[in-house]
Amino acid sequence: MLFELRGVKKRYAGKVALDLPVLDLPEGRSVVFYGPNGSGKTTLLNLLAGTDAPSEGEVLFAGGPQDVTLVEQNPYLFQTSVLGNVLQGLAYRGARAEEARRIAEPLLKRLGLWDLRDRRCAGLSDGERRRVALGRGLVLGVKALLLDEPMANLDRAYAAAVEAMIVEEAAKPGRAVLMTTHDPGQAFRMGAEVVYLSEGRLSPVPLWNVFHCELTGTLEKAVKKALLSQGAAFFVSTDTLGPAAVSIDPREVILSFKPIDSSALNCLKGRVVATAALGLDVDILIEAGCQLHAFITLQSLERMGLKPGDEVFATFKASAVKVITRLPRGEASS
Ligand code: ADP
Ligand code: MG
């Protein structure tokens, strides 16, 4: 095992933020920790990285401090250049200057940082800082690379490149990428195991709003129509046609009592079936020709006074529907 957690609890001011009786994370296997805000993802990564200690229990790691690296969501950068930051970790690990530069150059190029290599980090944008921190982590090739929401606040132009680099890193033998995300589609694309956290505990993984459908339309049009076997239909921005599995991030679904006039192409009429607390969010399950989950804040729930039986409209953009995978013919009916 890479990590073994036994009887781990983490409390902040007496309140339990994380409660993991048993968690085993094998070597060389990547994992995506998925869960709403406040579910304990960052707390868990800090315990794995050893940057924080549990209040109770133990975290065993099959390696030394050199074998694990945490890329934080709001990274601290050294007061030096972009290149200096990326090389520093390698220098600590004893790499010679020439060798370190040879390893860092292609990585910085892919991250769009090569032209910025001599810039001081103090003047960088948030997106650039995040890319520097990711480069600093990726360059090390450690056994356990911990990434806290690596795709959040990333410049759109680099999201695909960063995701590809993470996927490649995760696929290397003996390496494990342990990352957190809000995006279930990303977990699919990573091909990684998904561990779902809810209120500091492990839960069975709900893959929210995954639908098998037939994507219809014409290739020239950017928006296709997804026809679900359940009878519902909605619009999807994709260049794919045919049978597919799609998912809708529950955070992208807006609920209202009246249809809202917006640029979003999808507005489904439905009824609230159930509400369930998820940390700071609430999961609202709606029957709208298909069972749709929407995550809203506790504050919104209180403001709207939503309860089971209420008629609601669920609005989401065609671009909020992600094609997870294309399916062979004949599999779109499940
Ligand atoms: P996530 O990363 O999933 O959003 P966190 O691990 O940041 O969740 O937080 C889990 C819980 O612990 C939350 O309720 C949060 O408010 C609390 N928490 C996290 N860090 C601290 C801290 N330094 N002091 C007090 N409470 C904290
Ligand atoms: Mg967090």
**Asked** Cα axis of helix 82-92 to longest principal axis of the chain: angle in degrees, 0 to 90, nearest 10?
**Response** 60
**Request:** Please give the contour-minus-distance gain from GLU105 to LYS269: 0.36 nm per residue of separation, less the Cα-Cα distance, rounded to one decimal in nm.
**Result:** 53.8 nm
**Inter-site label distance for LEU219 and GLU56 at 7 Å from Cα along Cβ, in nm** = 6.1
**Asked** Taking 0.36 nm per intervening residue step and subtracting the Cα-Cα distance, what contour gain separates ARG303 from ASP126 on full extension?
**Response** 60.4 nm
**Item:** Segments 176-182, 253-259 sorted - mean Cβ within 10 Å per residue, highest first
**Value:** 176-182, 253-259
**Complete:** Zone reached by a paramagnetic label modelled 7 Å from GLN73 Cα along Cα→Cβ, restricted to the range 282-317 with backbone N below 19 Å, covers 282-283, 295-300
**Asked** According to a simple spin-label model (label point 7 Å from Cα along Cα-to-Cβ), what is the distance in nm between VAL16 and LEU228?
**Response** 3.5
**Asked** Extent of the chain along each principal axis, from alpha carbon coordinates, in Å, largest to smallest?
**Response** 63, 52, 40
**Asked** How high is the relative contact order of the chain, in percent, with contacts defined as C-alpha pairs under 8 Å that are six or more residues apart?
**Response** 18
**Request:** Output the Kirkwood hydrodynamic radius of the range 3-202, Cα pairs only, in Å rounded to one decimal.
**Result:** 17.3
**Prompt:** In which sequence would CYS213, CYS267, CYS121 go, from the one with the fewest C-beta neighbours within 10 Å to the one with the most?
**Reply:** CYS267, CYS121, CYS213
**Prompt:** Stretch ASN37-SER81 to full length: gain in nm at 0.36 nm per residue minus the Cα-Cα span?
**Reply:** 12.6 nm
**Asked** Under 12 Å from a point 7 Å along the Cα-to-Cβ line of ARG201: which residues of the range 268-301 have their amide N that close?
**Response** 279
**Request:** Please report the Cα spread of the range 210-326 along all three principal axes, rounded to whole Å, starting with the longest.
**Result:** 43, 26, 23
**Message:** Distance between the C-alpha centers of the range 235-275 and the range 1-36? Whole Å please.
**Reply:** 33
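Where a number appears in this text, it was derived from the coordinates with a stated rule and is not lab data. For clarity, every value in this text was computed on a predicted model and none was experimentally measured. When we count neighbours, we look across all protein chains shown, and the Cβ atoms used for this are built from the backbone with ideal geometry, even at glycine.
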